[in-house]
Amino acid sequence: LVPALPTLPVPARPDPLGVLGVPGEINLDHAASAPCARAAADAVAELLPWYASVHRGAGALSRRCTLAYERARQAVGDFLGARPTDHVIFTRNTTDAVNLLARALPAGTTVVTFGGEHHANLLPWPRGSVRLPVPDSPAGAVRSLDAALGELARDARPGLPVLVAVTGASNVTGECWPAAELARVAHRYGARILVDAAQLAPHAPVDVTASDLDYVALSGHKLYAPFGAGVLVGRADWLDAAPPYLPGGGATAHVGAATHDVRWTTGPARHEGGTPNLLGAVALAAVGAALDAADRAALHAEEQALLARLRTGLAALPDVVELRAFGPDAPRVGIVSFVVAGRDSAEVAAHLARRRIGVRDGLFCAHPLTRRLLTEAAARSGRTDLPPTALRASIGLGTTAGEVDALLTALATLPG
Ligand code: PMP
């Protein structure tokens, strides 16, 4: 058994979203896709009998679906603290939302990111983007951005638009990035900021207005809603001036007989060509409302207690080394990546799967960051037998102390 199981008090978790699950299956992979909330399932079930086209039909069913879709847009905007002038554009997921913004950048825009980003916030950006090294603290991120934007404004590309694209919380380490401070720095230089909130939003409120963010992207499937719906929220001007992301039905104001006789509409519809994902939008809105109604401070405290239990338990295992970019006490959401020295991560994950515990192994769609953290972990621990890929355990609503303990026990009893 686990040598020294931590004895932190963990209260029974009230789970106001009533997330669904399969008895006996321990899902510690919330960061990949979180389980579905009862509120989302109920919202979908309620709408299913009314299933009809959105924005295209005159019948009662269609009108109700159109209304439900536009209400969902309003609700998701409210959940994210959108300004009245912002656009709330439904997308497939975060990757889709970031790609949409990448296509809407004014000519000459320089995008500034950090090397710690998920591929979804690294790969869509144009050539000439600036990728800053992963800092060793949140304050280091602020300093490094300040220096980079200062240089761009003075010497490199004065007067041209700049977008800072940064994660709210890392999908590898769970570490939180100082979004509001980075926004202040960006704005001081006249730059804009996109926060990839895919991992932050499931764990903490995201408020575009309060944090003065220009754009936020997230995925429903990480936020207790089903797959296939994400959102890009943010300033309207670049979006209204950009070519439509999905040219087609719904994105147009006028189409004439001549090939190029087309006038695109403005507003969210400009980028939402084709029949939209009504059920996904409605589910996402329902989860937002349920989270808004919940005591998020209490949920946060409970999650942090579970996270501490997990990290303390991992630290007590002699061969386990945690991955982190910042100091051990930096704020983070319920995500921990680690390696078991001398063990292949895929084999450890398979062993856990046999114990009905689901985690993720690999480089987590953040190859530059994870490789770098593996190198640092080797240096920090002095171990020369760390594997080339890592394991990730991630928790959320519905996770119990018993599930965390089951993981620790299974890791403590890896077969020969
Ligand atoms: N950003 C972050 C921080 C993520 O964790 C993920 C998903 N792992 C994404 C973006 C991409 O999300 P999706 O696959 O839903 O597009």
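Things to note:
- Each label was represented as a point 7 Å from its Cα along the Cα-to-Cβ direction; for HIS187 and ASP136 these points are 3.2 nm apart.
- Using a cutoff of 8 angstrom between alpha carbon atoms and counting only pairs six or more residues apart, the relative contact order for the chain works out to 24 percent.
- Full extension of the chain between ASP329 and ARG143 yields a length gain of 65.0 nm, computed as 0.36 nm times the residue separation minus the alpha carbon distance.
- Residues with amide H under 5 Å from that of TYR224, placed H, sequence gap 5 or more: ALA34
- Remark: region 39-293 carries a charge dipole of roughly 560 debye about the Cα centre, counting +1 on each Lys and Arg Cβ and -1 on each Asp and Glu Cβ.
- Region 356-416 - convex hull of alpha carbons, volume per residue in Å³: 124
- Look at where the Cα atoms of region 122-163 and of region 336-357 average out, and the two centres are 36 Å apart.
- If the convex hull is drawn through the Cα atoms of the chain, its volume per residue in Å³: 148
- Of the residues LEU61, LEU80, GLY256, the one whose Cα sits farthest towards the positive end of the charge dipole of region 39-293 is GLY256 (charges of +1 on Lys and Arg Cβ, -1 on Asp and Glu Cβ, taken about the Cα centre).
- Among ALA186, LEU101, PHE114 the positive-end extreme of the charge dipole of the chain (Cβ point charges): LEU101
- Each of ALA378 and ASP78 was given a label point 7 Å from its Cα along the Cα-to-Cβ line. The distance between the two points is 5.3 nm.
- Of all beta bridges that DSSP places with both ends in the chain, some 60 percent have antiparallel geometry.
Laboratory data are not the source of any read-out in this text; all were calculated from the coordinates shown. The model shown is predicted, which means the values in this text are computed figures rather than measured ones. FYI the Cβ positions are ideal-geometry reconstructions off the backbone, even for glycines, and counts take in every protein chain you see.
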